[in-house]
Amino acid sequence: MPGALRRLLLELIVFALLSGALFEVGSSQPGPSTGLLASDVPMGWTNVTRFPTPPALAGAMMAYDSRYGVFVLFGGSDGEPTNGTWAFDPATGIWAQLHPEVSPMARADAMLVYDTAADAFVLFGGWNETPDGVYHRLADTWAFFTTNSTWVRRDPLSSPSPRSDVAAAYDVANGVTVLFGGFNGTNYLGDMWYYSYTNDSWIPRSSSRMPSARADGRMVYDAQHGTFFLFSGNDHSDLLANFHHLGDMWRYSWIDNVWTQIFPDVLPVPRTYAVFAADSAHGELLLTGGYGNRSVLGDTWAFNTTNLVWRNITTMDGPTPRMAAVGDYDPRHDLLVLLGGGGRYEIRADTWFFRYPPPIQGSIFVSSPEPVTGEPVEFHSESQGGSGSYVRFSWDFGDGQTGSGSSTVHTFGTPGIYRVVFVVRDSRGNQMVRTVNLPVGFLMPFWLDVSLLVVAGSIMCVVVVLLVRRHKSRTKSGAATTAQRS
């Protein structure tokens, strides 16, 4: 939704000005290239930005070409809608700008999916802004062929009404692109269509029960179970950029034509403008970033499509919070690729890889850094990353005793310095180990005990020396007296 998105960006600009910060489109300087090949990228997030790179963009469209193993990026907004076409090779980390003879009109927030049967990308809709500042929703359909870098306009007899911000994904098993909802500039939409490339036809499809009307929700196709998953979206915005984000999740079966609302034990913050992609190697759907709860988000979540559970896998070393970024999954290298998006102060132009699951990160905390014997000591751990599902927490207190749980209590019986070891393990076998050396005193903190012992020892030494000297002095005095008498 360009109006809502622009109001939101204006709100962020005001915030930046009031806080003394400067918002500049494209001002972000990408981090240095890591020089890593896709096959060498470690688990978790890695910044792989290198020049050349697409301009700083928000609301662009990108999808993965499974035949050639590359990503194709189109359009987006750098302050104005664009119509550039780029290709990204994750094997080398290199972006290349393409120069088709004909290109679709500049736009943002359109649909772009890769149709494996047609070996073509399918583009539909989006929004464009004319020089007079008027926004126009689009309803044209295009195909892009990687093999010859060519855009071809399609001419279906019927199409969905002009719109942007749809939720869409391609069904590999049935060879159709499914589209749901969107925004037409006035109303939020709740209709469903599917596109057949072979017949060049958009066909409406209804179901007895469907999700409510919305825009900017995210939908992906899960090949493992042959179903679509739709998460969140927005069905209201105003001039103050107040959004009503929908905190729901749906599953859709093409074969049965049935939408089913699902109720995981936890849900990520409801949001719009997120990146949502299917990690086929692990049976997880990966969600990152977006805008929710009046904040630009930087969290990362994984949804297990078998157990239907969300888990927070955010780590401290990921991309800065951003919305309207673009991303998709590369099954050859088992990577989520992320580009750009709008932060709180700038639109980004950086490229990131994410390999699931990220490493487990965390810390351990002790209630008393210098306990004494007989004093209960509380141990607490904080863990993040991994699969998000932690199956084992273990403690070794170094005195022959152990504990379990993310938090525990232990009492030491004798003074000394103990090496406390904490281990957390997740559902996929990853683990993190943290250690702390804990000094335990007898009646007072250990180092004070030691200091007193040293002082006492020193005093004893002085006393002994004085006694020895006194004894020697008396011995000499006695000997002298005896000599005089003789």
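Quick look at the numbers
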{"quantity": "Hits in region 93-104 (condition: among the β-branched types (Val, Ile, Thr) and either within 13 Å of residue 337 (Cα to Cα) or surrounded by 15 or more Cβ atoms within 10 Å (Cβ to Cβ) (or both))", "calculated": "94"}
{"quantity": "Selection within region 371-405 - under 23 Å from residue 304 (Cβ atoms) and surrounded by fewer than 16 Cβ atoms within 10 Å (Cβ to Cβ)", "calculated": "382, 389, 391, 392"}
{"quantity": "Strands (runs of 3 or more DSSP E) enclosed by region 245-323 - at least 3 residues per element that are buried (at least 16 other Cβ atoms within 10 Å of the Cβ)", "calculated": "249-253, 275-279, 284-292, 295-304"}
{"quantity": "Failed condition for residue 373, given (1) under 29 Å from residue 273 (Cα atoms); (2) in contact with a Gly (Cβ under 8 Å, 6 or more places away or on another chain); (3) not aliphatic (A, V, I, L, M)", "calculated": "(1)"}
{"quantity": "Residue that is farthest from the chain's Cα centre (by Cα) [pool: residues in region 211-258 that are more than 20 Å from residue 293 (Cβ to Cβ) and acidic (Asp, Glu)]", "calculated": "256"}
{"quantity": "Scan of region 242-299 for residues that are without any contact (Cβ under 8 Å) to a residue 24 or more places away in the chain and among the acidic types (Asp, Glu), ordered by number", "calculated": "256"}
{"quantity": "Residue match in region 213-222 (condition: in contact (Cβ under 8 Å) with a residue 24 or more places away in the chain and either over 30 Å from residue 136 (Cβ atoms) or not assigned by TED's automatic domain parsing to the domain that holds residue 303 (or both))", "calculated": "yes"}
{"quantity": "Any chance residue 326 is among the hydrophobic types (A, V, I, L, M, F, W, C) and either in contact with a strand residue (DSSP E or B) (Cβ under 6 Å, 6 or more places away or on another chain) or within 18 Å of residue 169 (Cβ to Cβ) (or both)", "calculated": "yes"}
{"quantity": "Region 125-137 - residue that is surrounded by fewer than 21 Cβ atoms within 10 Å (Cβ to Cβ) and not charged (D, E, K, R) and, of those, nearest to residue 65 (Cα to Cα)", "calculated": "136"}
{"quantity": "Answer from 143, 167, 139, 223 - the residue that is at pLDDT 95 or above and under 22 Å from residue 271 (Cβ atoms)", "calculated": "167"}
{"quantity": "Among (1) within 20 Å of residue 108 (Cα to Cα); (2) at pLDDT 95 or above; (3) surrounded by fewer than 17 Cβ atoms within 10 Å (Cβ to Cβ) - the single one residue 236 does not satisfy", "calculated": "(2)"}
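The values are calculated or read from the model by the stated rules, or taken from the named source; none is laboratory data. From a predicted model like this one, the values you see are computed outputs, not experimental measurements. Cβ atoms come from the backbone with ideal geometry, glycine included; neighbour counts cover every protein chain shown.
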